[in-house]
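To keep things clear, I will list the structure first and then write my remarks on it.
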Amino acid sequence: MDPARRDGAAARQPTSPQPTRILVVDDDVDTCRNLSDILTDLGYLVDTAGDGPTALELVRRHSYDVALLDYRMPGMDGLTLYREIKRLRAGTVAIVVTAHAAGTTAEEVVAAGAWQVVAKPVDFPKLLELVRQAVQQPLVLIVDDDHELCANLWDLLRQRGFRVSLAHDEQEAARQLGDHHYRAVLIDMKLPAGDGASVFRLVRRANPSARTIVITGHRGDVDELVQAMVREGADAVCYKPFDVPKLVSILQTLTRP
């Protein structure tokens, strides 16, 4: 793993942050309305849904930074809903609200990848502080066609306080880059219907303030292309299999405010 910090990176102009979008899902209309009013007053863009299927339709249309999910809902519970949200929008941080926060329900929710479980009755100041913390977590995009590797990196980086979105080809990466501004993008060199160099240039156009890490398991095959990307401004090169502590250290350094 060879860090390759860009000369003059400090002069890079940051992009304007996009508004934070939050999804509130609860079958209690008053709860949805109250949370929506409070969060809107704090400057967030808020959508609400009274059930899982309605929430999923919203998730297909919009990319949410945070989802506040009631656990007990008719038809589709909060755990099932979160698994579908994670499949569609891996970068959404989930906070699940339940009356069974101390039992196996909480363990199942956390094991599925939800960030926090909040007990009912809800302590609203605590919940709002959790939303603030979730939004501040550095947002990272991983572009790699190896689904198992992406899943492993998602778990690893979420445990270390990163929000993590996933893309498996150039087209999906373009869509993700249109939805959010990322602090860092990890780019695999070999992708179906495209390559890492194309994605790197897409990042530079769509999200120029993002730090970029080239990842590859093919040292000999793509060395010239990798070095060309470094000359164009890639911040680091990481070779598979990863030295995990070094990868995390590089990400922490690159995403530091």
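The numbers here are math on the coordinates, done by the rules we state, and not lab data. In this text, all values refer to a predicted model and were calculated from it rather than measured experimentally. Cβ coordinates were reconstructed from backbone atoms using ideal geometry, including for glycine residues, and neighbour counts include every protein chain displayed.
Work out from phi, with θ = phi - 60° and the Karplus expression 6.51 cos²θ - 1.76 cosθ + 1.60, the ³J(HN,Hα) of each residue of region 225-230, listed in order in whole Hz, and give x for Gly and Pro.
Computed from phi, the couplings for region 225-230 are 5, 4, 5, 5, 5, 4 Hz.
Considering amide H positions built from the backbone, and no H for Pro or chain starts, which residues 5 or more places from His181, or on another chain, come under 5 Å of its amide H?
Under 5 Å from the amide H of His181 lie the amide H atoms of Gln18, each far enough along the sequence or on another chain.
Please compute the modelled spin-label separation between Glu107 and Glu129, points set 7 Å along Cα→Cβ, answer in nm with one decimal.
The two pseudo-label positions are separated by 2.7 nm.
Excluding His62 itself, calculate the net charge of residues whose Cβ lies under 13 Å from the Cβ of His62, where each Lys or Arg counts +1 and each Asp or Glu counts -1.
In short, +1.
Calculate the spin-label point distance for Asp155 paired with Val248, positioning each point 7 Å from the Cα along the beta-carbon direction, and give it in nanometres.
Spacing of the two 7 Å Cα→Cβ label points: 1.4 nm.
If you take every DSSP beta bridge fully contained in the chain, what fraction is antiparallel? Give it as a percent rounded to 5.
Antiparallel bridges make up about 10 percent of those DSSP assigns within the chain.
Quick check on the chain: helices-only [θ] at 222 nm, where DSSP H runs of length 4 and up contribute -39,500 (n - 2.57) each and the sum goes over total residues. Nearest 500, please.
Computed ellipticity for the chain at 222 nm equals -13500 deg cm²/dmol.
Relative contact order for region 138-254: what percent, with Cα pairs under 8 Å and sequence separation of 6 or more?
23
Classify region 21-135 as rounded, prolate or oblate from the Cα gyration tensor: take a ≥ b ≥ c as the square roots of its eigenvalues, call it rounded if a/c is under 1.5, otherwise prolate when a/b beats b/c and oblate if not.
rounded
Can you list the HN-Hα couplings for region 144-151, worked out from phi with the Karplus curve (6.51, -1.76, 1.60; θ = phi - 60°), rounded to whole Hz and with x for Gly and Pro?
Coupling constants for region 144-151: 7, 8, 8, 5, 5, 4, 4, 4 Hz.
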